[in-house]
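J.: Got a structure here, written out as structure tokens. Questions coming.
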Amino acid sequence: MQCLLSWAFCMLLCCSWSEQSDIFTSISQMTDLIYKEKELVQSLKEYIQSEESKLAAVKSWATKLDALTRVSTADPEGFLAHPVNAYKLMKRLNTEWSELESLVLQDPSDVFISNMSVHRQYFPDEEDEKGAAKALMRLQDTYQLDSESFSKGKLPGMHSNALLSVDDCFDMGKTAYNDADYYHAVLWTQQALRQLDAGEDTLVSKADVLDYLSYSVYQMGDLPRAIELTRRLVALDSSHQRAGGNLRYFEKLLSKQRLELKQSDLPASEEPIQLGTYARPKDHLPEREAYEALCRGEGVQMTDARRSRLFCRYCHGNSPRLLLRPLKEEDEWDSPHVVRYLDILSHDEIEKIKKLAKPNLARATVRDPKTGVLTTANYRVSKSAWLEGEDDPVVARVNQRIEDITGLTVETAELLQVANYGVGGQYEPHYDFSRKDEPDAFKRLGTGNRVATFLNYMSDVEAGGATVFPDIGAAIWPRKGTAVFWYNLFKSGEGDYRTRHAACPVLIGSKWVSNKWIHERGQEFRRPCGLTEVD
């Protein structure tokens, strides 16, 4: 039974899911896994019950035969002197032991294995598990969550029983280590060591944790601490060949550095490693710090003076359909002008759109600026689907509503895109419009550049998930049923680079949005061209 459970666990972690990778990008599709796991648990319980019934029957046989053999072996000849005993001995050995053999050879696991085979095609693969680990690290960085609080289920505004074990923390550290991400490898192997030192039961050895941690600390440039950790490893396992070699190398390197800098010996820091101990390496995103600060609600550049210029109003967009029932419009930002519309989508409309999109959700793509080919990217982690007006009357109704509100035609707009962000789902800072170095970005559409963006929020988000504009210091928080709108281009057709924006990682909850990218063609008389570059 233990072997079977080990096999089942390995299947859960390792079986392929080539057609549906990146599951962690969509909460919607991950909910299906919850129910599949529930079915497997029920199947496992039935298997356990069958095994227990089988073992109870075998145990009953053993008890009965044990009592019988004690009597028979006490006086074999006297026992067999009775003809009934002799007959029953022949019968037992010829028939009943064969029945017992058949009982022992019965395999109640067949049904469970069959269920596993049916469900395993939907299981996440190694890449999905790795992606989920990276998503947790992304959340840790963006929202400045220390590993200890994270491992105890303490997130901003909530405390749950979702705990990370020593083995979970160590696996997180190894995921980072294998990607040469020594910054996160240190944070998570250090947390694994902290929990080990606290006496938590685990499968991983302390020597393995110290091995990964000491080398990661060395890679972060902290030689004194790397030496101290390696000494702990050697004291724990003196036969560890790599540790011995590393220790000699680290000590020699530190001695050389101190000699060159004329420094005296300083003991390793005894302070625990946590966020801020080491500098986080720079990456491809120049505005990383500003972007993440806005995601946390910090660094918003809305002064009191600017806020005083923001108003709310009723609007009808000169549309006959809105004259008797105008919409509520709020200014979110003054320049560039970003507005929010209230009560844009009803609950029933949102549920219908989600229902239409769910079967077609696939990893969201971005357009390669050099080749123009759509591809997936680590900076856009979500799942999306595209809906046509012909798919359902509710889609056609939403398209018409967007046209009525904005006064822009949607005849040349792209299809309604529906997106679902899951664990750590995000879209890093980007432009919706094509720049001068991307002349062919929308050439095949034949509708010109993306003049405006209309973004519907179809869910509230418990924590995280804001839409932020790093260049201007704006942050807009999701509110179910509302929508935000802005122009990507000036009236002259030049791109407004202030509209560079991002979707912050979802910390808690599931974020659903739908958006309409409106293009230039057909807007000539609806939004006349300006005379200067920044009109």
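J.: Exactly one of these conditions fails for ARG231: (1) surrounded by 13 or more Cβ atoms within 10 Å (Cβ to Cβ); (2) closer than 30 Å to ARG340 by Cβ. Give me its number.
T.: (2)
J.: So ALA162 passes all but one of these: (1) more than 23 Å from LEU203 (Cα to Cα); (2) without any contact (Cβ under 8 Å) to a residue 24 or more places away in the chain; (3) in contact with a Gly (Cβ under 6 Å, 6 or more places away or on another chain). Which condition number does it fail?
T.: Only one criterion in (1) more than 23 Å from LEU203 (Cα to Cα); (2) without any contact (Cβ under 8 Å) to a residue 24 or more places away in the chain; (3) in contact with a Gly (Cβ under 6 Å, 6 or more places away or on another chain) is unmet by ALA162, namely (1).
J.: All but one of (1) touching a strand residue (DSSP E or B) at 6+ places or on another chain (Cβ under 9 Å); (2) within 25 Å of ARG288 (Cβ to Cβ) hold for MET158, so report the exception by its number.
T.: For MET158, the exception is condition (2).
J.: Let me ask something else about it. For residues that are in contact (Cβ under 8 Å) with a residue 60 or more places away in the chain and among the basic types (Lys, Arg), scanning just segment 279-303, find the one that is least open to solvent (accessible area, probe 1.4 Å).
T.: Result: ARG296.
J.: Kindly list the number of the only condition in (1) over 21 Å from MET30 (Cβ atoms); (2) in a helix (DSSP H, G or I) that fails for ARG120.
T.: That leaves (1) as the condition not met.
J.: Can you list residue pairs whose Cβ atoms sit under 6 Å apart, with the first residue in segment 346-366 being among the polar types (S, T, N, Q) and the second being outside any helix (DSSP H, G or I) and modelled with pLDDT of 90 or more? Count only pairs 6 or more apart in sequence or on different chains.
T.: Note: pairs meeting the criteria are ASN360/ALA385.
J.: Under the condition of being touching a Cys at 6+ places or on another chain (Cβ under 8 Å) and not in a helix (DSSP H, G or I), which residue from segment 123-140 is nearest to TYR278 (Cα to Cα)?
T.: In this case the residue turns out to be ASP125.
J.: Going by the structure shown, is ASP460 within 26 Å of the chain's Cα centre (by Cα) and under 19 Å from GLU349 (Cα atoms)?
T.: yes
J.: When the residues of segment 345-366 are narrowed to those that are under 22 Å from ALA396 (Cβ atoms) and open to solvent by less than 10 Å² (accessible area, probe 1.4 Å), which ends up modelled with the lowest pLDDT?
T.: ALA357
J.: Identify the single condition in (1) in contact with a Lys or Arg (Cβ under 9 Å, 6 or more places away or on another chain); (2) open to solvent by 10 Å² or more (accessible area, probe 1.4 Å); (3) under 28 Å from ARG521 (Cβ atoms) that ARG450 does not satisfy, given that it satisfies every other one.
T.: That leaves (1) as the condition not met.
J.: Another question, if that's okay. Taking segment 393-414 as the search range and keeping residues that are within 35 Å of the chain's Cα centre (by Cα) and surrounded by fewer than 16 Cβ atoms within 10 Å (Cβ to Cβ), which one is nearest to GLY481 (Cα to Cα)?
T.: ARG397
J.: Here's something else I'd like to know. For the structure I just gave you, tell me whether ALA385 is touching a helix residue (DSSP H, G or I) at 6+ places or on another chain (Cβ under 7 Å), of a type in the set (A, V, I, L, M) and open to solvent by 40 Å² or more (accessible area, probe 1.4 Å).
T.: Answer is no for this residue.
J.: In segment 465-474, which residue that is assigned to a loop (DSSP other than H, G, I, E, B) and over 17 Å from the mean Cα position of the chain (by Cα) is surrounded by the most Cβ atoms within 10 Å (Cβ to Cβ)?
T.: Here is the first cut: in segment 465-474, the ones assigned to a loop (DSSP other than H, G, I, E, B) are 465-466, 470-473.
Checking the rest, the ones that are also over 17 Å from the mean Cα position of the chain (by Cα) come to 470-473.
On the way: PRO470: 25, ASP471: 17, ILE472: 19, GLY473: 17.
That would be PRO470.
J.: Checking ARG306 against (1) part of a loop (DSSP other than H, G, I, E, B); (2) at pLDDT 90 or above; (3) open to solvent by less than 70 Å² (accessible area, probe 1.4 Å), which single condition isn't satisfied?
T.: Among (1) part of a loop (DSSP other than H, G, I, E, B); (2) at pLDDT 90 or above; (3) open to solvent by less than 70 Å² (accessible area, probe 1.4 Å), the lone unmet condition for ARG306 is (1).
J.: Moving to a separate point now. Cβ contacts < 9 Å: first residue of a type outside the set (Val, Ile, Thr), restricted to segment 304-321; second residue in a helix (DSSP H, G or I) and surrounded by fewer than 11 Cβ atoms within 10 Å (Cβ to Cβ), any location; separation 6+ or different chain. Result?
T.: Between residues of segment 304-321 that are of a type outside the set (Val, Ile, Thr) and residues that are in a helix (DSSP H, G or I) and surrounded by fewer than 11 Cβ atoms within 10 Å (Cβ to Cβ), the close pairs are HIS316/LEU323.
J.: So, one more: Within segment 254-268, work out how many residues are in contact (Cβ under 8 Å) with a residue 12 or more places away in the chain and either open to solvent by 90 Å² or more (accessible area, probe 1.4 Å) or in contact with a helix residue (DSSP H, G or I) (Cβ under 6 Å, 6 or more places away or on another chain) (or both).
T.: Step one: filter segment 254-268 for residues in contact (Cβ under 8 Å) with a residue 12 or more places away in the chain, giving 254, 257, 266-268.
Still in the running and either open to solvent by 90 Å² or more (accessible area, probe 1.4 Å) or in contact with a helix residue (DSSP H, G or I) (Cβ under 6 Å, 6 or more places away or on another chain) (or both): 254, 266-268.
Residues meeting the conditions: 4.
J.: Given the conditions (1) open to solvent by 20 Å² or more (accessible area, probe 1.4 Å); (2) touching a helix residue (DSSP H, G or I) at 6+ places or on another chain (Cβ under 6 Å); (3) modelled with pLDDT under 95, which single one is not true for LYS436?
T.: Evaluating LYS436 over (1) open to solvent by 20 Å² or more (accessible area, probe 1.4 Å); (2) touching a helix residue (DSSP H, G or I) at 6+ places or on another chain (Cβ under 6 Å); (3) modelled with pLDDT under 95 leaves (2) as the failure.
J.: Can I ask one more? What number of residues within segment 279-317 satisfy the criterion of being over 30 Å from the mean Cα position of the chain (by Cα) and farther than 19 Å from VAL468 by Cβ?
T.: 11
J.: Now for a different question. Which number in (1) under 14 Å from ALA452 (Cβ atoms); (2) without any contact (Cβ under 8 Å) to a residue 12 or more places away in the chain; (3) not hydroxyl-bearing (Ser, Thr, Tyr) marks the one condition that GLY495 misses?
T.: It is condition (2) that GLY495 fails.
J.: In the list ALA279, ALA293, ALA268, ALA305, which residue meets the criterion of being in contact with a Pro (Cβ under 6 Å, 6 or more places away or on another chain) and aliphatic (A, V, I, L, M)?
T.: ALA268
The values are calculated or read from the model by the stated rules, or taken from the named source; none is laboratory data. None of these values were measured; they are calculated from a predicted model. We place every Cβ from the backbone using ideal geometry, glycine too, and count neighbours over all the protein chains shown. These area figures cover heavy atoms from the full protein model, side chains too; ligands, DNA and RNA do not enter into them. Shrake-Rupley method; radii C 1.70, N 1.55, O 1.52, S 1.80 Å.
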